[in-house]
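Asks: Mind looking over this structure? Questions follow.
The values are calculated or read from the model by the stated rules, or taken from the named source; none is laboratory data. All of these numbers come straight from a predicted model, not from anything done at the bench. Cβ placement follows ideal geometry from the backbone for every residue including glycine, while neighbour counts extend to all protein chains displayed.
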Amino acid sequence: MSAIILNYLNQFRTRFNEEIKISVNDLLIKIAAIALVRVPIINSSWEECGTRKYDSIDIAIAVKDGLLTPIIRNADKKSLFVIFNEAKV
């Protein structure tokens, strides 16, 4: 990811962080969810029998004791605040 995009995301995040402490991960979950609704073929893989489409975004967040794997369904329809609360598990 380019430094320009991350800089923009951090500026956007800073505006929200007065109320809640959203992370870059929260923003990326929301962005990916919207993109997958608009262009669902990007959430697929090529297999011998053809294209396999997936209906979820799977994420893992590294923490001190291992990985957190929150399940955030319909993230494209949720606010950043809801994604923040569901992702922090």
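Asks: Hey, could you check the stretch 13-31 for residues that are in a helix (DSSP H, G or I) and in contact with a Leu (Cβ under 7 Å, 6 or more places away or on another chain) and say which is modelled with the lowest pLDDT?
Replies: Among those that are in a helix (DSSP H, G or I) and in contact with a Leu (Cβ under 7 Å, 6 or more places away or on another chain), it is Phe16.
Asks: Condition test on Val37, is it over 27 Å from Ser2 (Cβ atoms), aliphatic (A, V, I, L, M) and not in a loop (DSSP other than H, G, I, E, B)?
Replies: No, not satisfied.
Asks: Output the qualifying pairs, or none if there are none: Cβ atoms under 8 angstrom, residues six or more apart or on different chains, first residue in the stretch 26-51 and without any contact (Cβ under 8 Å) to a residue 60 or more places away in the chain and of a type in the set (Lys, Arg), second residue surrounded by 15 or more Cβ atoms within 10 Å (Cβ to Cβ) and not in a helix (DSSP H, G or I).
Replies: Going by the 8 Å Cβ cut-off, the qualifying pairs are Lys30/Lys78.
Asks: Does at least one position in the stretch 48-57 carry a residue that is outside any loop (DSSP other than H, G, I, E, B) and either among the hydrophobic types (A, V, I, L, M, F, W, C) or within 16 Å of the chain's Cα centre (by Cα) (or both)?
Replies: Within the stretch 48-57, not a single residue is outside any loop (DSSP other than H, G, I, E, B) and either among the hydrophobic types (A, V, I, L, M, F, W, C) or within 16 Å of the chain's Cα centre (by Cα) (or both).
Asks: Scan the stretch 36-89 for residues that are of a type in the set (S, T, N, Q) and either within 23 Å of Arg13 (Cα to Cα) or surrounded by 10 or more Cβ atoms within 10 Å (Cβ to Cβ) (or both) and jot them down.
Replies: Matches in the stretch 36-89: Asn43, Ser44, Ser56, Thr69, Asn74, Ser79, Asn85.
Asks: For the stretch 32-43, name all the residues that are modelled with pLDDT of 90 or more and more than 17 Å from Ser79 (Cα to Cα).
Replies: Arg38, Val39
Asks: Do you know which residues across the stretch 58-89 are β-branched (Val, Ile, Thr) and in a loop (DSSP other than H, G, I, E, B)?
Replies: Ile59, Thr69, Ile71, Ile72, Val89
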